[in-house]
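The values are calculated or read from the model by the stated rules, or taken from the named source; none is laboratory data. Predicted, not measured: the structure shown is a model, and the values here were computed from it. For neighbour counting, all protein chains shown are included, and Cβ atoms are generated from backbone atoms with ideal geometry for every residue, glycine included. Just so you know, the surface numbers come from the protein's heavy atoms only, side chains and all, with ligands and any DNA or RNA stripped out. Shrake-Rupley method; radii C 1.70, N 1.55, O 1.52, S 1.80 Å.
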Amino acid sequence: PITPQTHIVEGIGDLVYSGELKDCEFINVESETAALSVAVGASASGVRSYTATSSQGLLYMIEVVYNASGLKLPIVMTLGNRAIGSPINIWNDHTDAMSVRDAGWIMLFADSNQEAVDLHIQAFKIAEEMSIPVMVCVDGFILTHAYESIDIPSQEQVDKFLPEFKCIHQLDTNNPCAIGSMVPPNVFEEVRAIAHNRQGKAVKSIIDAQKDFNEI
């Protein structure tokens with residue numbers, strides 16, 4: 001829990017434990033590093049994975065932020081944008097997002113709570129198409145703690161837009177392999193070049209996802 005993210009995961013927890021959200025496992029962890037580490041492990045095992053954080057919480061998990069993108073795992077994470085201290089400031093600021101702008105994630109910034117809803121659904125499609133994790137940034141308090149009327153798509157509409165998840169880089173006990181192994185400098189340079197090119201191609205994926213979403 002970290003303000004202004006706390007109520008996001010609390011809300012998901014309520015949905016899971018009430019049975020409204022099915023086929024989902026909600027995992028309580030001991031730290032922000034563990035939260036994203038669990039998402040990395042879950043994604044690598046072949047399931048859709050999501051978490052949320054804010055401000056210092058993002059800095060706390062930053063090592064794993066780089067691992068997620070380096071392993072090409074399509075995780076979606078909400079970032080409730082909040083200032084980085086000191087002095088302590090729980091209000092809206094983008095210094096948290098800017099601290100990881102070169103970490104290899106696609107970053108989508110919501111202008112309203114309606115856009116936040118729409119972007120989270122699109123984020124999974126973009127992430128899974130490009131094998132790049134996606135961060136959906138929502139302004140702390142300005143959006144995270146604001147109430148407004150929004151349209152929530154039906155499950156049928158979401159299913160029509162978002163195909164069944166098929167993990168490209170999946171760990172399989174029947175076919176053991178290692179991911180994220182050590183590589184020499186020349187290979188690391190090549191891997192980073194490939195990642196950079198994927199980011200460039202993601203622009204078209206983002207635009208196409210928006211068009212498909214609008215049509216549905």
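Brief remarks follow.
- Of all residues in segment 45-76, those that are in contact (Cβ under 8 Å) with a residue 40 or more places away in the chain and farther than 15 Å from Met130 by Cα total 15.
- Filtered by the rule that a residue be at pLDDT 85 or above and either more than 15 Å from Val40 (Cα to Cα) or open to solvent by 80 Å² or more (accessible area, probe 1.4 Å) (or both), segment 162-180 gives Leu162, Pro163, Glu164, Phe165, Thr173, Asn174, Asn175, Pro176.
- You will find that of Asp159, Asp151, Asp139, Asp212, the residue that is modelled with pLDDT of 90 or more, exposed (fewer than 13 other Cβ atoms within 10 Å of the Cβ) and under 20 Å from Gln114 (Cβ atoms) is Asp151 and no other.
- Count of residues meeting criterion [more than 20 Å from Phe124 (Cα to Cα) and part of a helix (DSSP H, G or I)] in segment 1-22: 6
Every residue, every condition in (1) in a loop (DSSP other than H, G, I, E, B); (2) more than 28 Å from Ala209 (Cα to Cα); (3) modelled with pLDDT of 95 or more, yes or no:
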residue	(1), (2), (3)
Thr78	no, no, yes
Ser86	yes, yes, no
Trp91	yes, yes, no
Arg101	yes, no, no
Leu108	no, no, yes
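- Test result for Ile106, crowded, with 21+ Cβ neighbours inside 10 Å and touching a helix residue (DSSP H, G or I) at 6+ places or on another chain (Cβ under 8 Å): yes
- Selected residue (criterion: farthest from Glu10 (Cα to Cα)) from residues of segment 80-97 that are touching a residue at least 60 places away in the same chain (Cβ under 8 Å) and buried (at least 17 other Cβ atoms within 10 Å of the Cβ): Arg82
- The residue pairs whose first member lies in segment 21-44 and is touching a residue at least 60 places away in the same chain (Cβ under 8 Å) and hydrophobic (A, V, I, L, M, F, W, C), whose second member is in a loop (DSSP other than H, G, I, E, B) and open to solvent by less than 20 Å² (accessible area, probe 1.4 Å), and whose beta carbons are closer than 9 Å, counting only pairs six or more residues apart or on different chains, are Ala44/Leu73.
- Matching residues, segment 23-46, being in a loop (DSSP other than H, G, I, E, B) and in contact with a Phe, Trp or Tyr (Cβ under 9 Å, 6 or more places away or on another chain): Phe26, Ser31, Gly46
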